[in-house]
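Before any comments, here is the structure.
The values are calculated or read from the model by the stated rules, or taken from the named source; none is laboratory data. Remember, predicted model here, so these are calculated numbers, not experimental data. Here Cβ is always computed from backbone atoms with ideal geometry, including for glycine, and neighbour counts include all displayed protein chains. For accessibility, only protein heavy atoms count, side chains too; no ligands or nucleic acids. Shrake-Rupley method; radii C 1.70, N 1.55, O 1.52, S 1.80 Å.
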Amino acid sequence: MEKYVIKGGTPLVGEVEIGGAKNAALAILAAATMSDETVFIDNMPDASDTNAMLQAIASNGAFVERVSRHSVKINASQIRNFTFENEFIKKIRASYYLLGATLGKHKSAGVVLPGGCEIGLRPIDQHIKGFTALGATLNTEHGIIYANADKLVGAHIYLDVVSVGATINIMMAAAMAEGKTIIENAAKEPHVVDIANFLNSMGANVKGAGTDVIRIRGVEHLHGTEYTIIPDQIEAGTFMMAAAATKGDVTIKNVIPKHLESISAKLVEMGCQIHESDDEVRVVATKRLQNTHVKTLPYPGYPTDMQPQITTALGLASGVSIVTESIFENRFKYVDELTRMGASIKVEGSTAIIEGVDKYTGATVSAPDLRAGAALVIAALTAEGFSTVEDIKYIERGYEDFEVKLRELGACIEKVNDDKEVQKFKLKNA
Ligand code: UD1
């Protein structure tokens, strides 16, 4: 099984190019199936989750052509099977986007119930509430959730929790419903806006995305389009945190600095210098990080997908830091692994109390999920000696060429297949 082997202790220095947003791409690929015309999508990340989504729609009949590593052409006019239960869709949590997209377009959809990262209970009741309000009937049989409607009619929907997935899913279904839908208490994440822009580029009428009230006037058809996905906020944030934790100097290119403000603000509190320009953010860390407190919140608050990375960095900061996770209840599982590298962190419910240590020491650890996996890599990059990060399949769900990009910043990291290769790496870098 593939793993990363890392020799820690080198500050990251240089420039890194950020790819397209994985979470936007997943929904955009689903939304692309709502048109019978050809859709061209650029800045598509080459991560295993997005590739699984591409394979999933292709195996249900969509024409999918990878024009280049980061661009794809999709024509979904030949999809006749509206139930997605193939081996690819089972791998990704965002499979639920095919429910909203397919229900919107064909008024009938079935999707195998979502898998994805184990970071806590991840109900989809708000998605169901929205589809039901639009006139669909939902039922679950043999692990597949089905949604059917004679017709979808616009409705006024108040979300009980701010949910990115439910907001996007309802937006997609409502884009082809009759009349007007209003989603209140909508999520405001950058990728919600990106999907709205994508739908609008296909002829939809979605207004207000990025605020907590989204208004959608349904249209009968969605046409072809050419669209470029926004940069990945979390990939960018991960490199920012890696720069800070290793006391490095990294310019993160091809980003939207506005999307990174909550992360930049925390890094400033932690004693880093942040230099922003049009589409770049430079993070410079020259001294030991300082403690701070963090609470994860829906956008524009500090993202839950950046919680393990900042917890890892704060584990090395002076003083006591407190990180509160308010989105997913089971998102501190990686702390045990971090403790094995020397961290001093106590988790009480949804709060981590972090007593900063001087250094981490290399160990063999295992990635429990996507973002925590990236955080363990950050820990290993700072650690004394060698570390091995196992189960990197989780990391590869959302990061393209993670180890390549880190190596270009000076990190001593390799992807290897077995213990023999680990030994070889250790000898080479002794
Ligand atoms: C998306 C992201 C994920 C990120 C999360 C929060 C994708 C593919 N995934 O996940 O990386 O961590 O946003 O920014 O874009 N909830 C309900 N009922 C629902 C839906 C959600 O109670 O029907 C709760 C969840 O349990 C969670 C909170 O709402 O506590 C937020 O979840 P949500 O925003 O829906 O996350 P996802 O869309 O699953």
Subject >> Single match in 94, 58, 52 (criterion: assigned to a helix (DSSP H, G or I) and either over 19 Å from the mean Cα position of the chain (by Cα) or away from the ligand (no atom under 16 Å from the Cβ) (or both)) >> reply: 58
Original post:
What is the residue count in segment 405-414 for residues that are over 17 Å from residue 385 (Cα atoms) and surrounded by fewer than 18 Cβ atoms within 10 Å (Cβ to Cβ)?
Top reply: 1
Original post:
Condition test on residue 283, is it touching a Cys at 6+ places or on another chain (Cβ under 9 Å) and part of a strand (DSSP E or B)?
Top reply: yes
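Can you find a residue that is open to solvent by 30 Å² or more (accessible area, probe 1.4 Å), closer than 23 Å to residue 375 by Cα and not in a loop (DSSP other than H, G, I, E, B) anywhere in segment 242-256? Full working, then the answer.
Residues of segment 242-256 that are open to solvent by 30 Å² or more (accessible area, probe 1.4 Å), as a first pass: 247, 249, 253-254, 256.
Add one more test, that the residue is closer than 23 Å to residue 375 by Cα, and what stays is 247, 249, 253-254, 256.
Cutting the leftovers down to not in a loop (DSSP other than H, G, I, E, B) gives us 249, 253.
Yes, there is a match, as at least one residue in segment 242-256 is open to solvent by 30 Å² or more (accessible area, probe 1.4 Å), closer than 23 Å to residue 375 by Cα and not in a loop (DSSP other than H, G, I, E, B).
For segment 156-182, enumerate the residues that are assigned to a strand (DSSP E or B) and open to solvent by less than 10 Å² (accessible area, probe 1.4 Å).
The answer is 157, 181.
Considering 297, 338, which residue is of a type outside the set (Asp, Glu), away from the ligand (no atom under 16 Å from the Cβ) and either out of contact with any Gly (no Cβ under 9 Å at 6 or more places or on another chain) or closer than 19 Å to residue 377 by Cα (or both)? Walk me through it before giving the result.
On the way: 297 fails: away from the ligand (no atom under 16 Å from the Cβ).
None of the others qualify; the one that does is 338.
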Original post:
Give me the pairs: first residue in segment 283-301 and free of Cβ contacts under 8 Å to residues at least 60 places away in the same chain, second residue within 16 Å of the ligand (Cβ to nearest atom) and open to solvent by 60 Å² or more (accessible area, probe 1.4 Å), beta-carbon distance under 8 Å, and six or more apart or on different chains, which are they?
Top reply: 296/327; 297/327; 301/295
**OP:** Kindly check whether there is at least one residue in segment 93-100 that is at pLDDT below 95 and of a type in the set (A, V, I, L, M, F, W, C).
**Re:** yes
Subject >> Residue within segment 272-289 that is under 19 Å from residue 409 (Cβ atoms), within 16 Å of the ligand (Cβ to nearest atom) and crowded, with 24+ Cβ neighbours inside 10 Å present >> reply: no
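Given the residues 359, 295, which is the only one that is part of a loop (DSSP other than H, G, I, E, B) and surrounded by fewer than 18 Cβ atoms within 10 Å (Cβ to Cβ)? Even if it seems obvious, please write down each step before you answer.
Working: 295 fails: part of a loop (DSSP other than H, G, I, E, B).
That would be 359, the only listed residue that is part of a loop (DSSP other than H, G, I, E, B) and surrounded by fewer than 18 Cβ atoms within 10 Å (Cβ to Cβ).
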Original post:
So which residues in segment 30-44 are within 15 Å of residue 173 (Cβ to Cβ) and β-branched (Val, Ile, Thr), if there are any at all?
Top reply: 33
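With the condition kept exactly as written, say whether any residue in segment 128-145 is within 25 Å of the chain's Cα centre (by Cα), within 17 Å of residue 23 (Cβ to Cβ) and not acidic (Asp, Glu). Before the answer, list the steps.
Taking segment 128-145 as the starting set, the residues that turn out to be within 25 Å of the chain's Cα centre (by Cα) are 128-131, 143-145.
From what's left, within 17 Å of residue 23 (Cβ to Cβ): none.
Checked segment 128-145: no residue is within 25 Å of the chain's Cα centre (by Cα), within 17 Å of residue 23 (Cβ to Cβ) and not acidic (Asp, Glu).
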**OP:** Return the total of residues in segment 364-401 being more than 21 Å from residue 93 (Cβ to Cβ) and either hydrophobic (A, V, I, L, M, F, W, C) or buried (at least 24 other Cβ atoms within 10 Å of the Cβ) (or both).
**Re:** 11
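Between 59, 95, 68, 35, which is surrounded by fewer than 17 Cβ atoms within 10 Å (Cβ to Cβ), in the same structural domain as residue 153 (by TED's automatic domain parsing), closer than 28 Å to residue 146 by Cα and small (Gly, Ala, Ser)? I'd like the intermediate steps shown before the answer.
On the way: 95 fails: surrounded by fewer than 17 Cβ atoms within 10 Å (Cβ to Cβ); 68 fails: closer than 28 Å to residue 146 by Cα; 35 fails: surrounded by fewer than 17 Cβ atoms within 10 Å (Cβ to Cβ).
59 is the lone residue from the list that is surrounded by fewer than 17 Cβ atoms within 10 Å (Cβ to Cβ), in the same structural domain as residue 153 (by TED's automatic domain parsing), closer than 28 Å to residue 146 by Cα and small (Gly, Ala, Ser).
So is residue 140 part of a strand (DSSP E or B) and either open to solvent by 30 Å² or more (accessible area, probe 1.4 Å) or in the same structural domain as residue 259 (by TED's automatic domain parsing) (or both) or not?
Details: part of a strand (DSSP E or B): yes; either open to solvent by 30 Å² or more (accessible area, probe 1.4 Å) or in the same structural domain as residue 259 (by TED's automatic domain parsing) (or both): yes.
Criteria met by residue 140.
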Original post:
How many residues, within segment 184-218, are open to solvent by less than 10 Å² (accessible area, probe 1.4 Å), in contact (Cβ under 8 Å) with a residue 60 or more places away in the chain and part of a loop (DSSP other than H, G, I, E, B)?
Top reply: 2
